[in-house]
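The values are calculated or read from the model by the stated rules, or taken from the named source; none is laboratory data. Worth saying up front: this structure is predicted, and the values here are computed from it rather than measured. Here Cβ is always computed from backbone atoms with ideal geometry, including for glycine, and neighbour counts include all displayed protein chains. Heavy atoms of the whole protein, side chains included, go into the accessibility calculation; ligands, DNA and RNA do not. Shrake-Rupley method; radii C 1.70, N 1.55, O 1.52, S 1.80 Å.
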Amino acid sequence: DARVTQTPRHKVTEMGQEVTMRCQPILGHNTVFWYRQTMMQGLELLAYFRNRAPLDDSGMPKDRFSAEMPDATLATLKIQPSEPRDSAVYFCASGLVTGGADTQYFGPGTRLTVL
Amino acid sequence: AQKITQTQPGMFVQEKEAVTLDCTYDTSDQSYGLFWYKQPSSGEMIFLIYQGSYDEQNATEGRYSLNFQKARKSANLVISASQLGDSAMYFCAMRKGSYGKLTFGQGTILTVHP
């Protein structure tokens, strides 16, 4: 049963600390997405990779957030320095684009609390 | 810009009954995809069903069907024979083209009563 995995599942940190979230996409998938879910904003895209290349990070605060794919099996989202307003659930999703449309499968999410 | 609207903050249904969750969208694109996801209290996002804008038939997946009315720009989710485990938040989402980011609605909380 192929699934997207995310670590850690929960993270509590203090303001100013660095936070790194990791995602392992489904093996063979070639698109990876990072979404953030908050009560106020709902679900919004932070970054999007295809074949490991960043295609869209317009939703990501560039001064403190960074997203990378060091290899096809790992995507990372880093916040440095973290702020209380970054408290949210961060989802990673992966999909496979071939000739037709892809479907995005979500990981379980990382619940981040910044004190 | 794309926009997804889910006008029902909450819905209630009796177990074994059918329920329709509304979703309307706004886009000027000809090619797009429509999705429904379920988010139970555990927080995970579970893919339910997909409809492409060029698909002529409504999508179905088990007890889930998508009532796609292109001219009205609606993509309602129909759940037949509701079960207690269907109680969750349901999100409608749209994607421009064949791949890329999803734009989500605000969600509808469905409660299934025994």
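Filter region A:62-92 for residues that are hydroxyl-bearing (Ser, Thr, Tyr), farther than 16 Å from A:LEU45 by Cα and open to solvent by 20 Å² or more (accessible area, probe 1.4 Å) and give the result.
Result: A:THR73, single match.
Which numbered condition trips up B:GLY100, out of (1) open to solvent by less than 50 Å² (accessible area, probe 1.4 Å); (2) at pLDDT below 95; (3) away from every other protein chain (no Cβ under 14 Å)?
Unmet for B:GLY100, out of (1) open to solvent by less than 50 Å² (accessible area, probe 1.4 Å); (2) at pLDDT below 95; (3) away from every other protein chain (no Cβ under 14 Å): (3).
If only one of A:GLY59, A:GLY95, A:GLY28, A:GLY16 is of a type outside the set (Asp, Glu), surrounded by fewer than 17 Cβ atoms within 10 Å (Cβ to Cβ) and within 9 Å of another protein chain (Cβ to nearest Cβ), which one is it?
A:GLY59
Every residue in region A:31-47 that is closer than 12 Å to A:PHE91 by Cα and either surrounded by 19 or more Cβ atoms within 10 Å (Cβ to Cβ) or hydrophobic (A, V, I, L, M, F, W, C) (or both), please.
Once the filter is applied, which keeps residues that are closer than 12 Å to A:PHE91 by Cα and either surrounded by 19 or more Cβ atoms within 10 Å (Cβ to Cβ) or hydrophobic (A, V, I, L, M, F, W, C) (or both), region A:31-47 yields A:VAL32, A:PHE33, A:TRP34, A:TYR35, A:ARG36, A:GLN37, A:LEU43, A:LEU45, A:LEU46, A:ALA47.
Take the residues in region B:6-26 that are of a type in the set (Ser, Thr, Tyr), open to solvent by 50 Å² or more (accessible area, probe 1.4 Å) and in contact (Cβ under 8 Å) with a residue 24 or more places away in the chain, then tell me which one is nearest to A:GLU44 (Cα to Cα).
Ranking the candidates gives B:THR24 first.
Quick one: count up the residues across region B:45-68 that are more than 29 Å from A:CYS92 (Cβ to Cβ) and open to solvent by less than 60 Å² (accessible area, probe 1.4 Å).
Total meeting the criteria: 1.
Mind checking which residues of region B:17-62 are of a type in the set (D, E, K, R), closer than 15 Å to B:LEU110 by Cα and in contact with a strand residue (DSSP E or B) (Cβ under 6 Å, 6 or more places away or on another chain)?
B:ASP22, B:LYS38
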